[in-house]
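Chemist: Got a structure for you, written out below as structure tokens; questions coming shortly.
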Ligand code: AMP
């Protein structure tokens, strides 16, 4: 497919509405392009180069959307969860070797947590269209940034690895722009569409499906501060989106509040979910609630998000399936490495122009992930006779807490710093709504309490990574080879979903 950059996506449209926050005035594509040029020019004015990493630590919203596009136009954007703890910010800013970090004018002071010489840039302006960066309370002069090339790295995101250290996933402008176009095409997005983005803009789902896909189609995006089940109905009524994308847990929370007013005036053309498995019963309830077709897709950071999707009607949607592949080729491999027959489960592998060029400075991870140009997703599933993919399991250790991915080893490592803990093994525990939550098996001193372990973890880890279930054990069950096997550990310990 023809090469493209993210910058070209939003430059292709004129005055039509581009982005807005819930309360604020919308800005059109022309104004968005001016903001992007200003931020890009300011980065160049600070002598920040295209290959330099600029961390973005902003609350979810239209400012974060504009800043991410602006940074990606001149450098490599590295959006981080603004709720990280200090030790986490220290790790990520160092791991990225960030040249600069962008926060709001009244955001936290992060320069002391980054590598030597990191510049903290404050984003502000009286209106969305006036956004600019400031350094030490002064305006920053602009230099021409030039246009990015398709092969330039626009974005670096971390994924939870099989080791304690998260891996850096670089994504080129081409990877992202193509993925955005592909999503826009599969969802038939047009300039008439308006998305309500409730997904975080530091995760691939919110970035590519929630924001960039609309940029590819010239559609509008209403940026929210993040999902909020209590306010969602009001947002639907006020913003009148034609679609939104979310994770299954959000649908479950909305269904739990079903029956409230607001839906009858909805302009929804369809609703979408990705990042975790959508139970078919929830899918059917969501279709009734929103009176619109529901689309489940399968996404992954390394693939610049969408790998497969159920098509919009009149295409066939199959509940329980993540749909069919498109621009990214998907195969299921049998144990001998050849394509598995329909109905036979195996490793899900992908290939194509949206797939990352490879983890940064991590030859072992790349060797393990890529075989003959195919990337192993770490997911297990089968294709049916119609080419629809069903995900049935996972070979990777990651915990999928309602779409948020958590590396269990990162949690072990933090807990092992506790003087009274001898062994700590984090693992996925089934949860009714979240799909999975974080459990931890502990061997340690008898004086240890669950509360102590949780508060020790909470000081060092963002809330989503803090174990919610703690099990004191005498022994941690091993697999047949004597090796620790986290996958399936909950079953071995006889753990079921808590009420
Ligand atoms: P992330 O990199 O955070 O997007 O996570 C990617 C992983 O999320 C995939 O490898 C799957 O394990 C999981 N995932 C994404 N979409 C789905 C889905 N529709 N159903 C089940 N698992 C999913």
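The values are calculated or read from the model by the stated rules, or taken from the named source; none is laboratory data. This is a predicted model, so every value here is computed, not measured. Counting neighbours? That spans all protein chains shown, and the Cβs are built from the backbone with ideal geometry, glycine included.
Chemist: Checking residue 235 against (1) assigned to a helix (DSSP H, G or I); (2) closer than 24 Å to residue 26 by Cβ; (3) within 16 Å of the ligand (Cβ to nearest atom): exactly one of these is not met. Which one?
Modeler: Result: residue 235 fails condition (3) only.
Chemist: Given the criterion farther than 30 Å from residue 394 by Cβ and at pLDDT 95 or above, identify the matching residue among 220, 229. Lay out the reasoning, then the answer.
Modeler: On the way: 229 fails: farther than 30 Å from residue 394 by Cβ.
Every option except 220 fails the conditions.
Chemist: Got a sec? Which of 459, 475 is in contact (Cβ under 8 Å) with a residue 60 or more places away in the chain, surrounded by fewer than 14 Cβ atoms within 10 Å (Cβ to Cβ) and out of contact with any helix residue (DSSP H, G or I) (no Cβ under 7 Å at 6 or more places or on another chain)? It would help to see each step written out before you state the result.
Modeler: Numbers: 475 fails: in contact (Cβ under 8 Å) with a residue 60 or more places away in the chain.
Result: 459 is the single residue among 459, 475 that is in contact (Cβ under 8 Å) with a residue 60 or more places away in the chain, surrounded by fewer than 14 Cβ atoms within 10 Å (Cβ to Cβ) and out of contact with any helix residue (DSSP H, G or I) (no Cβ under 7 Å at 6 or more places or on another chain).
Chemist: Further question on the same structure: I'm checking my understanding of the structure. Among residues of segment 158-179 that are away from the ligand (no atom under 15 Å from the Cβ) and in a helix (DSSP H, G or I), which one is nearest to residue 76 (Cα to Cα)? Explain how you work it out, then say what you get.
Modeler: Restricting attention to segment 158-179, the residues satisfying the condition of being away from the ligand (no atom under 15 Å from the Cβ) are 163-165, 172-174, 177-178.
Retained after the next criterion (residues that are in a helix (DSSP H, G or I)): 173-174, 177-178.
Details: 173: 10, 174: 13, 177: 15, 178: 18 Å.
So, considering only residues that are away from the ligand (no atom under 15 Å from the Cβ) and in a helix (DSSP H, G or I), the one nearest to residue 76 (Cα to Cα) is 173.
Chemist: Continuing with the same structure: Looking at the structure I just gave you, is residue 47 over 18 Å from residue 204 (Cα atoms) and in a helix (DSSP H, G or I)?
Modeler: Working: over 18 Å from residue 204 (Cα atoms): yes; in a helix (DSSP H, G or I): no.
Against the criterion (over 18 Å from residue 204 (Cα atoms) and in a helix (DSSP H, G or I)), residue 47 does not qualify.
Chemist: Now for a separate question. Hey, does segment 207-222 have a residue that's more than 17 Å from the chain's Cα centre (by Cα), on the phi > 0 side of the Ramachandran plot and touching a residue at least 60 places away in the same chain (Cβ under 8 Å)?
Modeler: Scanning segment 207-222 turns up at least one residue that is more than 17 Å from the chain's Cα centre (by Cα), on the phi > 0 side of the Ramachandran plot and touching a residue at least 60 places away in the same chain (Cβ under 8 Å).
Chemist: Considering only residues of segment 261-281 that are in contact with a helix residue (DSSP H, G or I) (Cβ under 6 Å, 6 or more places away or on another chain) and modelled with pLDDT under 95, which is surrounded by the fewest Cβ atoms within 10 Å (Cβ to Cβ)? Full working, then the answer.
Modeler: First, the residues of segment 261-281 that are in contact with a helix residue (DSSP H, G or I) (Cβ under 6 Å, 6 or more places away or on another chain): 262, 265-266, 268, 271, 273-276, 278.
Filter once more, keeping what is modelled with pLDDT under 95: 262, 265-266.
Values: 262: 13, 265: 10, 266: 18.
Among those residues, the one meeting the criterion is 265.
Chemist: Sticking with this structure for a sec: So which residues in segment 104-120 are in contact (Cβ under 8 Å) with a residue 24 or more places away in the chain and either buried (at least 21 other Cβ atoms within 10 Å of the Cβ) or not in a strand (DSSP E or B) (or both), if there are any at all? Explain how you work it out, then say what you get.
Modeler: Start the filter on segment 104-120 by keeping residues that are in contact (Cβ under 8 Å) with a residue 24 or more places away in the chain, which leaves 104-105, 107-108, 110, 113-114, 118-119.
Residues satisfying the conditions are 105, 107, 108, 110, 113, 114, 118.
Chemist: Please go through segment 317-353 and give me each residue that is touching a helix residue (DSSP H, G or I) at 6+ places or on another chain (Cβ under 7 Å), part of a loop (DSSP other than H, G, I, E, B) and over 17 Å from residue 385 (Cα atoms), ordered by number. So that I can check it myself, show each step before the final result.
Modeler: We begin by selecting, within segment 317-353, every residue touching a helix residue (DSSP H, G or I) at 6+ places or on another chain (Cβ under 7 Å); these are 319-320, 326-328, 350, 353.
Imposing the further condition that a residue be part of a loop (DSSP other than H, G, I, E, B) reduces the set to 319-320, 326-328, 353.
Those that are touching a helix residue (DSSP H, G or I) at 6+ places or on another chain (Cβ under 7 Å), part of a loop (DSSP other than H, G, I, E, B) and over 17 Å from residue 385 (Cα atoms): 327, 328, 353.
Chemist: A follow-up question, please. Only residues in segment 405-417 that are under 18 Å from residue 490 (Cβ atoms) count as the first member; pair them with residues that are assigned to a helix (DSSP H, G or I), Cβ under 8 angstrom, at least 6 apart or cross-chain, and list the lot.
Modeler: From segment 405-417, the pairs are 406/464; 406/465; 411/457; 411/465; 415/453; 415/456; 415/457.
Chemist: Can I ask one more? Would you check if residue 210 is touching a strand residue (DSSP E or B) at 6+ places or on another chain (Cβ under 6 Å) and over 22 Å from residue 38 (Cα atoms)?
Modeler: Details: touching a strand residue (DSSP E or B) at 6+ places or on another chain (Cβ under 6 Å): yes; over 22 Å from residue 38 (Cα atoms): yes.
So residue 210 fits the description; yes.
Chemist: Moving on. Please enumerate the residues belonging to segment 391-411 that are surrounded by fewer than 19 Cβ atoms within 10 Å (Cβ to Cβ) and over 19 Å from the mean Cα position of the chain (by Cα).
Modeler: Correct list: 392, 393, 395.
Chemist: In addition: Just to be sure before I move on: is residue 186 more than 19 Å from the chain's Cα centre (by Cα), touching a residue at least 24 places away in the same chain (Cβ under 8 Å) and within 16 Å of the ligand (Cβ to nearest atom) in the structure I sent? Steps first, answer last, please.
Modeler: On the way: more than 19 Å from the chain's Cα centre (by Cα): yes; touching a residue at least 24 places away in the same chain (Cβ under 8 Å): yes; within 16 Å of the ligand (Cβ to nearest atom): yes.
Yes, satisfied.
Chemist: Applying the selection to segment 359-383, what residues are in contact (Cβ under 8 Å) with a residue 60 or more places away in the chain and away from the ligand (no atom under 15 Å from the Cβ)?
Modeler: 360, 361, 362
Chemist: Where in segment 397-499 are there helices (runs of 4 or more DSSP H), lying fully within it, with 2 or more residues that are over 28 Å from residue 253 (Cβ atoms)?
Modeler: Numbers: elements: 408-415, 450-460, 489-492.
Counting at least 2 such residues, we get 408-415, 450-460.
Chemist: State whether one or more residues within segment 285-297 are in contact (Cβ under 8 Å) with a residue 60 or more places away in the chain, within 16 Å of the ligand (Cβ to nearest atom) and either touching a strand residue (DSSP E or B) at 6+ places or on another chain (Cβ under 8 Å) or assigned to a strand (DSSP E or B) (or both). Don't jump to the end; show me each part of the working.
Modeler: Taking segment 285-297 first, the residues in contact (Cβ under 8 Å) with a residue 60 or more places away in the chain are 295, 297.
Cutting the leftovers down to within 16 Å of the ligand (Cβ to nearest atom) gives us 295, 297.
From the residues that got through so far, the ones that are either touching a strand residue (DSSP E or B) at 6+ places or on another chain (Cβ under 8 Å) or assigned to a strand (DSSP E or B) (or both) too are 295, 297.
Looking for residues that are in contact (Cβ under 8 Å) with a residue 60 or more places away in the chain, within 16 Å of the ligand (Cβ to nearest atom) and either touching a strand residue (DSSP E or B) at 6+ places or on another chain (Cβ under 8 Å) or assigned to a strand (DSSP E or B) (or both), one finds at least one in segment 285-297, hence yes.
Chemist: Taking residue 207 as the residue in question, decide whether it is within 16 Å of the ligand (Cβ to nearest atom), crowded, with 21+ Cβ neighbours inside 10 Å and in a helix (DSSP H, G or I). Before you say what the answer is, go through the steps one by one.
Modeler: Numbers: within 16 Å of the ligand (Cβ to nearest atom): yes; crowded, with 21+ Cβ neighbours inside 10 Å: yes; in a helix (DSSP H, G or I): yes.
So residue 207 fits the description; yes.
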